[in-house]
1. Quick check on Thr186: is it open to solvent by 20 Å² or more (accessible area, probe 1.4 Å) and either modelled with pLDDT under 95 or over 20 Å from Gln145 (Cα atoms) (or both)?
2. From the residues in region 335-377 that are of a type in the set (Val, Ile, Thr) and out of contact with any Cys (no Cβ under 7 Å at 6 or more places or on another chain), which one is modelled with the lowest pLDDT?
3. Select from region 354-381 the residues that are within 23 Å of Pro240 (Cβ to Cβ), of a type in the set (Gly, Ala, Ser) and open to solvent by less than 40 Å² (accessible area, probe 1.4 Å) and list them in ascending order.
4. Any residue in region 122-151 that's within 17 Å of Tyr195 (Cα to Cα) and in a strand (DSSP E or B): show its pairings with residues that are open to solvent by 80 Å² or more (accessible area, probe 1.4 Å) and β-branched (Val, Ile, Thr) at Cβ separation under 6 Å, as long as the two are six or more apart or on different chains.
5. Could you tell me which numbered condition Val402 fails, if it satisfies all but one of (1) of a type in the set (Val, Ile, Thr); (2) open to solvent by less than 50 Å² (accessible area, probe 1.4 Å); (3) over 24 Å from Pro302 (Cα atoms)?
6. Consider region 285-319. How many of its residues are part of a strand (DSSP E or B) and surrounded by 15 or more Cβ atoms within 10 Å (Cβ to Cβ)?
7. Restricting the search to region 297-337, which residues are free of Cβ contacts under 8 Å to residues at least 24 places away in the same chain and either over 16 Å from Leu376 (Cα atoms) or in contact with a Lys or Arg (Cβ under 9 Å, 6 or more places away or on another chain) (or both)?
8. Which residues, taken from region 241-267, are touching a Cys at 6+ places or on another chain (Cβ under 8 Å), hydroxyl-bearing (Ser, Thr, Tyr) and surrounded by 19 or more Cβ atoms within 10 Å (Cβ to Cβ)?
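The values are calculated or read from the model by the stated rules, or taken from the named source; none is laboratory data. From a predicted model like this one, the values you see are computed outputs, not experimental measurements. A quick note on method: Cβ atoms are made from the backbone with ideal geometry, for glycine too, and the neighbour counts reach across all protein chains shown. These accessible areas exclude ligands, DNA and RNA; they are computed on the full protein's heavy atoms, side chains included. Shrake-Rupley method; radii C 1.70, N 1.55, O 1.52, S 1.80 Å.
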Amino acid sequence: MRIQLLFLFISLLLLNSESLNCNGNNPRGHPSDLRVFHIDSPCSPYKQPKTVSWESTLIKDNARLQYLSSLAVGKKPWVPIASGRSIVQSPTYIVRANIGTPAQPMLVALDTSNDVTWVPCSGCLGCASSVLFDPSKSSSSRTVQCEAPQCKQAPNPTCTMSKSCGFNMTYGGSTITASLTQDTLTLTDDAIPNYTFGCINKATGTSLPAQGLMGLGRGPLSLISQTQNLYKSTFSYCLPNSKSSSFSGTLRLGPKFQPVRIKTTPLLKNPRRSSLYYVNMVGIRVGNKIVDIPPSALAFNPATGAGTIFDSGTVYTRLVEPAYVAVRNEFRRRVKNANATALGGFDTCYSGSVVFPSVTFMFAGMNVTLPPDNLLIHSSSGSTSCLAMAAAPNNVNSVLNVIASMQQQNHRVLIDLPNSRLGISRETCT
């Protein structure tokens with residue numbers, strides 16, 4: 001028995017000494033054989049100093065499989081999205097757009113309720129950004145003439161003495177004056193020649209996105225309309241958490257890579273406000289109770305502009321006053337043993353540990369229940385939480401319910417114009 005144990009011990013020593021022969025030739029192989037070691041082998045120069053856990057290995061495997069999957073399907077028309085809060089000090093969401101030849105990169109805000117793309121240009125008066133597009137440095141840039149059809153599609157078009165087209169418009173509390181320009185736009189690997197956009201010459205106010213805006217509305221000068229042959233009037237987006245500083249969200253262009261299993265509701269058309277993505281909201285549920293809201297507060301009315309839209313540029317959801325008051329009161333009623341206070345522009349806030357009811361938006365054909373991160377906004381200290389909604393302002397939008405970006409975060413929102421539908425599915429992209 002002792003002899004057998006001694007023989008086994010000697011065999012193990014020999015085997016170990018052979019496996020640790022990191023520099024020598026393989027005695028059992030051909031002289032030209034290339035020796036292969038595992039990355040965590042004692043012979044590997046990349047061996048980790050600590051034992052690698054199974055969990056970390058699985059994470060690396062998942063990343064590897066995702067990479068292999070991307071190779072299988074080829075290049076995807078996906079544009080990374082980030083919150084502009086920490087990058088350009090703006091509450092909007094931004095994408096990288098390359099304009100001109102050679103390309104000049106700009107961080108432009110995404111806006112699903114505007115059509116025209118516009119960027120601040122060299123020589124602009126009143127533009128706050130130090131990043132300006134210089135058309136004189138682009139070999140593919142040209143001004144749009146007054147007789148061009150695009151000039152008639154611009155908001156409030158004007159014509160200069162040299163017969164070049166310009167326009168002016170308001171955005172929030174700001175105004176811009178711009179020259180209508182065409183140049184090459186590159187978002188993914190697709191170069192879009194002769195893309196029509198506004199080159200801002202003068203700006204007033206402080207509400208403009210610093211490096212410009214990309215219009216994703218339904219009008220003729222929007223990205224979706226100008227790329228109709230390429231992307232088939234279909235796109236989707238996932239907005240990351242507004243506190244995130246990474247480009248982890250995505251704008252997917254075209255029908256090819258859109259989610260198959262997704263809840264949808266019909267898109268509605270309003271000729272008076274043709275840029276907006278209207279849907280039919282039929283009710284709102286707080287907890288398990290459908291709130292008693294006057295039907296007129298949710299009704300779609302093209303004559304007055306009333307109804308419900310999805311908008312990426314508004315930060316917090318606004319409901320017309322009768323709808324908001326009904327939802328707010330039911331929300332307060334279901335929060336037990338706590339009194340609501342006001343904080344900033346929010347009137348339903350609570351301190352300490354509170355159990356909050358769920359809120360579900362009910363649309364024709366689909367319901368969307370908001371996770372807590374999409375429902376509540378927290379104070380900087382974290383001690384106070386508020387219902388992240390408010391009543392619609394007392395202006396032209398007083399009849400409009402707006403499902404805003406905070407309520408859309410970490411959801412895939414699909415706009416499919418050929419099939420006249422809007423879809424939503426839960427997707428973590430933060």
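1. It is true that Thr186 is open to solvent by 20 Å² or more (accessible area, probe 1.4 Å) and either modelled with pLDDT under 95 or over 20 Å from Gln145 (Cα atoms) (or both).
2. Ranking the qualifying residues of region 335-377, first place goes to Val354.
3. Ser379
4. none
5. (3)
6. The qualifying residues number 10.
7. Selection gives Ala299, Arg333, Lys336, Asn337.
8. Passing the criteria: only Thr250.
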